[in-house]
Every structure is written in C-alpha cells, then in structure tokens.
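Report on one structure; see the data block that follows.
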Amino acid sequence: MNITQAIEKGRLCLSESDSPVTDSRYMLCYVLACTISYLHTWPEKKLSEQQGTDYEALLFKRKKGMPVAYLIGQQSFWSLELDVNAKTLIPRPDTEILVAMALEKIQLGMIVADLGTGSGAIALALASEKKNVHFMAMDRSQAALKVAQANAKKHKITNITFWQGDWLSSIAKNTLDMIVSNPPYIASNDPHLKRGDLRFEPSIALVSGQDGLKDIRLIVKQARLVLKSKAWLLIEHGYEQANEVNMLFQQAGFEQVQCAKDYGDNERVTLGQQPLQ
C-alpha cells in the first residue's frame, strides 16, 4: 500500500466523518513521521508492513469516534504544535479569536492570567508573542497542568507561571492587568455532549451547570475583585450565550462591554474593562 492508496483507504473507512481525507492525512503523517507536503511529494512511497498495521489501527479508532488529536497526541493552535491527551480539551481554531483580541490590549509590564489553561494553548500562544510580559496559567486538573508545562518546555517558553487552583479564589485584590479564559460553558443536558469529539473530552472542561454559565458567573464576579483599574476581562462562550454573558458583564459593572465573532461569524468572545477605581 502506497501513500495514495492509504489516503483513499482512509477516505472510504471514514466516510461518515466530516473530514475523512484530512483525518487520514494527519494520521498517516503521524505514522510516517512526516509532513503533509511529504505526502504530496511522494504519493507512490510504500508503507512498511508495520506502518500499514499502525495506520489501520488508527483508522479503526477514528471510525469509532476517537478524536484525531488524541490519537496522534498533537493539535495545532496559533503558531504552535501542542501536545494533548484525554486529560485536556482539544484546542480549537475559534479560540484563536480570544488570543487575537487579548494581543490587541496587552502592554509591556502587564500581568495576565489564563484561567482553565488545559494544554496551555491560550497562555502559550500569548506568551510566544509577548515575551516581555508575564503570564499566569491556572487549571483545576494537575494532569492538565503537566501537559501545559510540558508544552511550555517543548517550545522554550519561560514567561509563564503555572498553578493549580479554583479560578481566582487564591488571587489577591487589584493584582491582575488582564484575565483571559475559555472556561466550561456547555449545559449539563446539552445533546452535543453525546456527539463527535465531545464524547471523549474531559467533562470538567466542558460542562458548567444546568445552563452552561455557572463558571462564567463565578469568573465575572471574582474578576471584579482581582483586576486593577482599567484592566480587561475576556471570556470565550457558546455561540448562543453572547447576550447572557454581555448582561453578566454589565451587571457586574464592567465598561466597554463588546463581543467578537469567530471564524464562523458566531459571537464567541465577550470582553469588558474594569472601571476606574
């Protein structure tokens, strides 16, 4: 079986997937330890017997629904290739909007906290762009923090402090210049939890009470205490939650509340500024 035949086999095997060819190429690159461009350059290159066996095993697991990111242990985000596993949420392209919005407002000397860092995607993307700014990355899960710390070491990013905690409960008042977060925001009875990749991702990183806003409410409340004057809070949320999150920001007293849209033109990130104190 050569590369062309392997990709075609994957396309047929994963015909019910949303992206069978893309999935097949990523898994084939993992098996061959090569790049996508290599697949295009050497379409007639034959797989060894072991490579063929390994590739077919991945196809079988993917057909059962296992996310490609977990199968190959990696996911691209921003300019980084991040290690991921079943203890971390899979970073998604729409979260890059949160990074882009934060970068517009980060200035030299700021202290920025990333809440629920998971694989470290947001904090690492920001820290890689703002090397003279100090970042703090929090997660409840020690297992997730180990992945984030390993990713920081992998990319030689040293301007991040990692800590295990419960949102902002351990942060002193008036100490942060910015808070960014992609917290859990899915309702506990949401049917999407039983579909696609979400079935395999850690529920602690997905589910937030009956309406999906339990954690966002707490973060907004705590943020008013720990942010400095004129500091910023940026939170990712569900595409149907923008109005509710906007109201939470305004009720808490944040100013300049606005929402940014993701790549699918859905309202995805709400941000607001701490008033002058």
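The values are calculated or read from the model by the stated rules, or taken from the named source; none is laboratory data. Note that the coordinates shown come from a computational prediction; the quantities given were computed from them, not determined experimentally. Cβ coordinates were reconstructed from backbone atoms using ideal geometry, including for glycine residues, and neighbour counts include every protein chain displayed. Each accessible area value is taken on the protein alone, full model and side chains, heavy atoms only, with ligands, DNA and RNA left out. Shrake-Rupley method; radii C 1.70, N 1.55, O 1.52, S 1.80 Å.
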* Count - residues of region 84-100 that are more than 18 Å from Tyr239 (Cβ to Cβ) and in contact with a Ser or Thr (Cβ under 7 Å, 6 or more places away or on another chain) -> 3
* Structure fact -> Of the residues in region 234-271 that are outside any strand (DSSP E or B) and in contact with a Ser or Thr (Cβ under 8 Å, 6 or more places away or on another chain), the one that is most open to solvent (accessible area, probe 1.4 Å) is Asn246
* Some residue of region 182-190 being modelled with pLDDT of 90 or more, assigned to a strand (DSSP E or B) and either on the phi > 0 side of the Ramachandran plot or among the acidic types (Asp, Glu) (or both) -> no
* Only one of these conditions is not met by Leu89: (1) open to solvent by 40 Å² or more (accessible area, probe 1.4 Å); (2) farther than 21 Å from Ala223 by Cα; (3) modelled with pLDDT under 95. Which number is it? -> (1)
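Quick check: is even one residue across region 221-233 touching a helix residue (DSSP H, G or I) at 6+ places or on another chain (Cβ under 9 Å), closer than 25 Å to Asp83 by Cβ and surrounded by fewer than 19 Cβ atoms within 10 Å (Cβ to Cβ)? Walk me through how you get there before you give the answer.
First, the residues of region 221-233 that are touching a helix residue (DSSP H, G or I) at 6+ places or on another chain (Cβ under 9 Å): 221, 223-224, 231-233.
Cutting the leftovers down to closer than 25 Å to Asp83 by Cβ gives us none.
Taking every residue of region 221-233 in turn, none turns out to be touching a helix residue (DSSP H, G or I) at 6+ places or on another chain (Cβ under 9 Å), closer than 25 Å to Asp83 by Cβ and surrounded by fewer than 19 Cβ atoms within 10 Å (Cβ to Cβ).
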* To do: State whether the residues of region 194-208 include one that is assigned to a helix (DSSP H, G or I), in contact with a helix residue (DSSP H, G or I) (Cβ under 8 Å, 6 or more places away or on another chain), exposed (fewer than 15 other Cβ atoms within 10 Å of the Cβ) and not small (Gly, Ala, Ser).
  => yes
* Tally of residues being more than 23 Å from Pro184 (Cα to Cα) and surrounded by 18 or more Cβ atoms within 10 Å (Cβ to Cβ) across region 107-127 -> 1
* Selected residue (criterion: nearest to the chain's Cα centre (by Cα)) from residues of region 55-85 that are aromatic (Phe, Trp, Tyr), open to solvent by 20 Å² or more (accessible area, probe 1.4 Å) and farther than 11 Å from Leu14 by Cα -> Trp78
